[in-house]
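Structure record follows, encoded as structure tokens.
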Amino acid sequence: MIRKIVLSALTCALALPLCAKNAPVAEPAFWWTGMKDKTVQVMINGDGVRDALPEINREGVRLDSVVRLNSPNYLLLYLNIGSDAVPGKFPITLVNGKKKTRIEYELRARGAKQYTPFSSADLLYLLMPDRFANGNTANDDDATLNHPVKSDRENPNGRHGGDIEGITKHLGYIDSLGVTAIWLTPVLENDMPGGSYHGYATTNYYKIDPRFGTNDDYCNMIAEAHKRGLKVVMDMIFNHSGVCHKWMTDMPSKDWYNHTDGSVLTNFRLSTANDPYRSDYDYDRTTNGWFVPAMPDLNQRNPHLLRYLTQSSIWWIEYAGIDGIRMDTHPYADPEGMSKWLAAVLNEYPDYNIVGECWYGEAAGTAFWQKGSRLNTTGIDSNLPTVMDFPTMMLARDAFKTQSTRLTGLNAIYDRLALDYLYEDPQHVLTMLDNHDSDRFLLEMPENLGWWKQAFAFMLTTRGIPQMYYGDELLMHGSKEGSDGFVRRDMPGGFPGDKVNAFVDAGRTDMQREAWNFISRLANWRRGNEVISKGALKHFMPENGVYVYERSYKGKRVVVMMNGTDSENVIDGTIYREIMPEGTTLTDILSGEKVTIAREMRLPARALYILE
């Protein structure tokens, strides 16, 4: 994910209050009793705390170790929360000469499981909070930040004012569409001079960006989503932070970041992560180089940093009840560190699902990162349950839009799925047609929706976990054209003053209405349909541009048939006798019409049938 922000740590430092006295603060501010892992790292940050002597007097809580880092302003405490520890508040006392400072710490009772892991039974809806809906105009600008940035909807790369409250107010829209899970691009604080509306330059791992709302707003949104049966996936970034994170102006230790002077940027060549012949130079640039000048590379080989990041993800699962994690730029981070992070999370929550952004153009590169992969010969199992199907996304537009012949069009989809043997678990592959870092699936408004419907029908009926991008259902279109902002436009109707409100039927054009109704019908039919979420897949090599495949589970089946050409097609129905013997009559769930399999079958141009 390439993000064009050019900053320096000096830029951030100049914005900080001069001669500020920083009282000691603990992160995380609280933890829980009853966790499987009894150890919790408490990072204390404040002026001169490194040399203080910590004192803790709490039954069931033991101070196992104290770590003093290079910076005089950080102190790490490793506490053991025993089985006999009870919830409540207690002081951590820091003794520095004659001075004593008390930090109130809290243990909370671990409640019932809040999350439901996302899976192939779900349809994920990816949205950018800043561009989806503005539910509270009072938080559009926040003067409390070190780098307050005015919202400006005329600037495609600026902040537009969308927020968490806007999402909460439109959960009904998302629910009615047939979506079952929401993936929000990052919502944590991005206190950056450029505004960092996309959220990928974290400056506080425990705080929601105030321009999106508060921690309470986020928890409330998740609770309201859960009431509707909707899951929420949190986007996290462990490869890098924002350059304006306090760590950059006062590094806890000299090895907290890689290439601390910012002289080395990543080469964006993920092939080095898999390459058995790679040079140390190339691999170092890939995994240790800064993502961009505004995003310094975190060093997950530092065990204390890794523990901090790991705890932050567990904290959000326990605190907010998030149902899954999407890990940004997964292969750019240290593979052993990321493997340990995943092992720790899955030890605490064995059924949890996490998807990693592994952006490769071919299936072998992506499959390498799925847990248990036979392709990974490094000796370090990634432990990553789910990977993203970028190889299919990258060819989908041309495959569905182009006239299918014996070697082109839908044959490319067939050939792509034929490589699924590379994946340890194809049902844990996240399939999409576009996202916030790619061109929109539609580069321009189509003349008709024939091939568009086939593409979305494929995504919603093939193996794996489908993910659509906000506005796909409304035919939002465009290319990046040198700016990510052009594929991250505002949802029409989500902002005060919008002349068009496409969140309601009356605000949609005829073609948008056709598209929305198609997605809604298909997605709601998919909801709870185990044939699609669990069924085996069998497909036939496209004949004369016609692609046919079957999903089957416990005696039930669904057959998808699509004509990938712009003209009527005559096919021999006996080709498919092993799944549909001649004379079989099935019902098309899209039209309600009966379809009988015959020796000679005429399929209209761009015909699409989903038969059961």
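So which trypsin sites (Lys or Arg not before Pro) in the stretch 243-272 pass both tests, a DSSP loop state and at most 15 other Cβ atoms within 10 Å of the Cβ?
Details: sites: K246, K254, R269; in loops: K254, R269.
The qualifying sites are K254, R269.
In this label model, N96 and R228 are separated by 4.8 nm, measuring between points 7 Å along each Cα→Cβ vector.
Given K99/K246; K99/K150; K231/K556; K150/K499, which pairs have Cα atoms separated by over 31 Å?
Working: K99/K246 25 Å; K99/K150 42 Å; K231/K556 27 Å; K150/K499 22 Å.
Violating the 31 Å limit, Cα to Cα: K99/K150.
Net length available on complete extension from T137 to L419 is 96.7 nm, with 0.36 nm assigned per residue and the Cα-Cα distance removed. What distance in nm lies between label points placed 7 Å from Cα along the C-beta direction at E578 and V500? The modelled label-to-label distance comes out at 4.7 nm. Let me know the shape class of the stretch 505-612, please: from the alpha-carbon gyration tensor, a ≥ b ≥ c as square roots of the eigenvalues, rounded when a/c is under 1.5, otherwise prolate if a/b is greater than b/c, or oblate. It comes out oblate by the Cα gyration axes. Here the 3J(HN,Hα) profile of the stretch 188-202, calculated from phi with Karplus coefficients 6.51, -1.76 and 1.60 at θ = phi - 60°, is 6, 4, 10, 7, 10, x, x, x, 6, 4, 6, x, 8, 10, 4 Hz, Gly and Pro shown as x. Charges were assigned to the Cβ only: +1 to each Lys and Arg, -1 to each Asp and Glu. The resulting dipole of the stretch 269-320 about its Cα centre is roughly 40 debye. For the stretch 418-488, a simple Cβ point-charge model (Lys and Arg +1, Asp and Glu -1, everything else neutral) yields a dipole of about 140 debye relative to the Cα centre.
Legend: residues K499, K21, K594, K340, sorted from most to least accessible area (1.4 Å probe; ligands, DNA and RNA excluded), read K499, K21, K594, K340.
Using the Cβ-Cβ distance between F268 and I380 with R0 set to 22 Å, the FRET efficiency works out to roughly 0.50.
Can you tell me the length gained on complete extension of the stretch M394 to D351, counting 0.36 nm per residue apart and subtracting the Cα distance?
12.5 nm
Got a number for carbon plus sulfur as a percent of the chain's accessible area, 1.4 Å probe? Intermediate values should be presented prior to the final figure.
Details: 11920 of 23710 Å².
That share works out to 50 percent.
The residues of the chain expose on average 39 square angstrom of accessible surface per residue, using a 1.4 Å probe on protein heavy atoms. Annotation: lysines with alpha-carbon distance below 16 angstrom to K371 (same-chain offsets under eight excluded): K340. Taking all Cα pairs closer than 8 Å and separated by 6 or more residues, the relative contact order of the stretch 307-413 comes to 22 percent.
Among N146, P581, S279, whose Cα projects farthest towards the positive end of the dipole of the chain, with charges put on the beta-carbon of Lys, Arg (+1) and Asp, Glu (-1)? It is N146, whose Cα lies furthest towards the positive end.
With both partners inside the chain, how many of the DSSP beta bridges are antiparallel, as a percent to the nearest 5?
The antiparallel fraction comes to roughly 65 percent.
Based on the Cβ-Cβ distance from K21 to Y283, what FRET efficiency comes out when R0 is 45 Å, to the nearest 0.05? Please list the in-between numbers first.
Working: r = 43 Å, r/R0 = 0.96.
That gives a FRET efficiency of 0.55.
Within straight-line reach of K89, meaning a Cα separation under 20 Å, sit the following lysines at least 8 residues removed in sequence or on another chain: K38, K100.
For the set D510, D284, D381, the ranking by accessible area, highest first and with no ligand, DNA or RNA atoms included, is D510, D381, D284 under a 1.4 Å probe. Candidates Q311, A364, M388 compared by Cα position along the dipole of the stretch 295-450: farthest toward the positive end lies A364, with charges placed on Cβ.
The stretch 364-407: which trypsin sites (Lys or Arg not before Pro) are DSSP loop and have at most 14 other beta-carbon atoms within 10 angstrom?
Working: sites: K371, R374, R397, K401, R406; in loops: K371, R374, R406.
The qualifying sites are R374, R406.
Only the Cβ atoms of Lys and Arg (+1) and of Asp and Glu (-1) were treated as charged; on that basis the dipole of the chain about its Cα centre amounts to roughly 1040 debye. Take the alpha carbon gyration tensor of the stretch 555-599, find the square roots of its eigenvalues, order them as a ≥ b ≥ c, and report rounded if a/c is under 1.5; if not, report prolate when a/b exceeds b/c, else oblate. Because a/c hits 1.5 or more and a/b fails to exceed b/c, the stretch 555-599 counts as oblate.
Within 10 Å of each candidate Cβ there may be at most 12 other Cβ atoms; applying that plus a DSSP loop requirement, which GluC sites (Glu not before Pro) in the stretch 42-119 survive?
On the way: sites: E55, E59, E104, E106; in loops: E59.
Here the GluC sites (Glu not before Pro) that fit, given the DSSP loop and packing criteria, are E59.
Please name which of A506, I519, A536 has its Cα lying farthest along the dipole of the stretch 470-548 towards the positive end, using unit charges on Cβ (Lys, Arg +1; Asp, Glu -1) and the Cα centre as origin. Ranked along the dipole, the leading option is A536.
Could you work out how far the C-alpha centroid of the stretch 378-440 sits from that of the stretch 298-352, in angstrom? Using only Cα atoms to place each centre, the spacing works out to 26 Å. When only alpha carbons are used to place a centre, the stretch 152-185 and the stretch 250-290 end up 34 Å from one another.
The values are calculated or read from the model by the stated rules, or taken from the named source; none is laboratory data. These numbers come from a predicted model, not from an experiment. So basically every Cβ, Gly included, is an ideal-geometry build from the backbone, and we count neighbours across all protein chains shown. In case anyone asks, the SASA skips ligands and DNA or RNA and just uses the protein heavy atoms, side chains included. Shrake-Rupley method; radii C 1.70, N 1.55, O 1.52, S 1.80 Å.
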